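Notes to accompany the following structure.
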């Protein structure tokens, strides 16, 4: 009798820890008695029937590598009835009984669509923005924050030497968690977030006051959804005697080896997802709260509103004085 197969794919933006998660899904799936299949380029691979068999050796030596060995892409065709039907046909042809999707909220909605059509699918949250409200942390977030903190330390060295203000723009269109966590841990004097009201006047006042207190340099971290670095620099230059320098970190935040925390989370997420799929359970996503793994309805999870951690913001404000 032919073994049942479980497929794994990565979708949307890449995040550090995706490879470690693929490894966990594959090896846990094999341990549970399934054959494992990797889908290339996300949901596009389901439509185009781009699939490869994976075994324990296929996922060797990828645990500490950034990006995703399965590659990733966004797929508008999957949202159409025609695209979905193509995917379902290929899923049936390849004897796939369940799918694990590693990605963000858009990827999660695809999981629900598959489950509604009889293919159990489980979502694993992987996005550096940490913008999914149902879980404390998403895969890749810790690595991205550490990448920013390392950059902040290097930029502060040269800013102190030249007695300048540095504006560092980080990723985060709707969610400012990277800016918040990196700002707090990197000792930023001011943090601009899309979730909180702020004013250029208050920012300039704090920078001027810091200079009067003898601060050789100041660091301002802004999430891209809070304010663009270049625009912020122009405002500060127009209102003070300071001439800020801008660094946009961009895609450097997505790459690189995952931290130990992200590898650990990836390994745990993968095992939990396989346990669900092995039972024929779909339409759910895996998360972590207070260090404990759990799962919940995937659409309910996507509909939850993300709130900024007020306590951390207050701590950052006090420590930056």
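The values are calculated or read from the model by the stated rules, or taken from the named source; none is laboratory data. Note that the coordinates shown come from a computational prediction; the quantities given were computed from them, not determined experimentally. Virtual Cβ from ideal backbone geometry, glycine too; neighbours counted across all protein chains shown.
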### Query
Mind checking which residues of the range 100-131 are within 30 Å of residue 308 (Cβ to Cβ) and assigned to a loop (DSSP other than H, G, I, E, B)?
104, 127, 128, 129, 130, 131
### Message
Residue under question is residue 73, and the condition is that it be within 26 Å of the chain's Cα centre (by Cα), crowded, with 21+ Cβ neighbours inside 10 Å and within 28 Å of residue 133 (Cβ to Cβ); does it hold?
### Response
no
### Summary
residue 51 fails exactly one of (1) over 24 Å from residue 140 (Cα atoms); (2) surrounded by 20 or more Cβ atoms within 10 Å (Cβ to Cβ); (3) modelled with pLDDT under 95, namely (3)
### Residues satisfying the stated conditions in the range 24-48, i.e. on the phi > 0 side of the Ramachandran plot and buried (at least 19 other Cβ atoms within 10 Å of the Cβ)
41, 42
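Quick check: is even one residue across the range 127-137 over 30 Å from residue 284 (Cα atoms), in contact with a helix residue (DSSP H, G or I) (Cβ under 9 Å, 6 or more places away or on another chain) and surrounded by fewer than 21 Cβ atoms within 10 Å (Cβ to Cβ)?
Let us first name the residues in the range 127-137 that are over 30 Å from residue 284 (Cα atoms), namely none.
There is no residue in the range 127-137 that is over 30 Å from residue 284 (Cα atoms), in contact with a helix residue (DSSP H, G or I) (Cβ under 9 Å, 6 or more places away or on another chain) and surrounded by fewer than 21 Cβ atoms within 10 Å (Cβ to Cβ).
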